[in-house]
Each structure stands twice: as structure tokens, then as C-alpha cells.
1. Is there a quick way to get the dipole size of the chain? I mean about its Cα centre, with the Cβ of Lys and Arg at +1 and of Asp and Glu at -1; what is the value in debye to the nearest 20?
2. Along each of its three principal axes, how wide is the spread of alpha-carbon positions in region 11-86, in whole angstrom units, largest first?
3. Just want the ordering: VAL45, VAL4, from fewest to most Cβ atoms lying within 10 Å of their own Cβ.
4. Given the pairs LYS27/LYS60; LYS23/LYS57; LYS43/LYS65, which span a C-alpha to C-alpha distance of over 28 angstrom in this model?
5. Taking the Cα centre of the chain as the origin and placing charges on Cβ (Lys, Arg +1; Asp, Glu -1), which of GLY30, LEU81, LEU56 is farthest toward the positive end of the dipole?
6. Given 0.36 nm per residue, what is the gain on full extension from LYS57 to ASP79 after removing their alpha carbon distance, in nm?
7. Between GLU8 and SER31, what FRET efficiency follows from the Cβ-Cβ distance if R0 is 41 Å, with the result rounded to 0.05?
8. Straight-line reach from LYS21: which lysines have a Cα under 16 Å away, not including same-chain ones fewer than 8 places off?
Amino acid sequence: LPLVVNPEIDAEHLQQAAVQKMKDFNKQLGSASYALLYPDGTKIVNIPGTETPFTLKGFKDALGKAYQRITVYICKLEDYLSYYQSS
């Protein structure tokens, strides 16, 4: 689902906004904890390849894509941890 947010949003607040939007459209999601992920499955904390904390604008600038072309994912934290502990 598309999500319209402030470009200066950080990873924590982007995750909260994304989860809320998903819950608005899917009442079965419940109250699980979620992880915000890059397309390669890594958890979003910093801009990739840097120690710079994630902001949407910083990621857009590093990626060189328009905001409309940026894709990130949310995943149940339990599933994320289970996958990475088994690999």
C-alpha cells in the first residue's frame, strides 16, 4: 500500500505508520510486533553502507530513486527473528 509521510521520518516512525496503515486495511493483523525491512530483507536501521541513521529523504538521496519508486517491507518480528536464527 502506498504511504504518504514526511521525508524526514525516521525508521521507527515509518514502521509505526506502515503498520498502522496495514492494520487499517487488514483487521486480522492483531497486535504483533513488526520489523521494517529493506527489499533484501535486512532490518532498516541505517542508510545502507553507512552509519547514518535512516531517514526517508536520506535513503531516497542515497538510492537515487523518486519517492514513488521506494519500496520497503514490514514483517512480523517473530518471523524475522526466526528466519535469521535459522539461516
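Computed from the coordinates by the stated procedures, all read-outs in this text should not be read as laboratory data. The structure displayed is predicted, hence computed values, not measured ones. As a convention, Cβ positions derive from the backbone with ideal geometry for all residues, glycine included, and neighbour counts pool all protein chains shown.
1. 320 debye
2. In descending order, the Cα extents are 35, 31, 17 Å.
3. Lowest to highest Cβ neighbour count: VAL4, VAL45.
4. Listed pairs above 28 Å: LYS27/LYS60.
5. GLY30
6. Working it through step by step, the gained length comes to 5.1 nm.
7. For GLU8 and SER31, the calculated efficiency is 0.90.
8. LYS76
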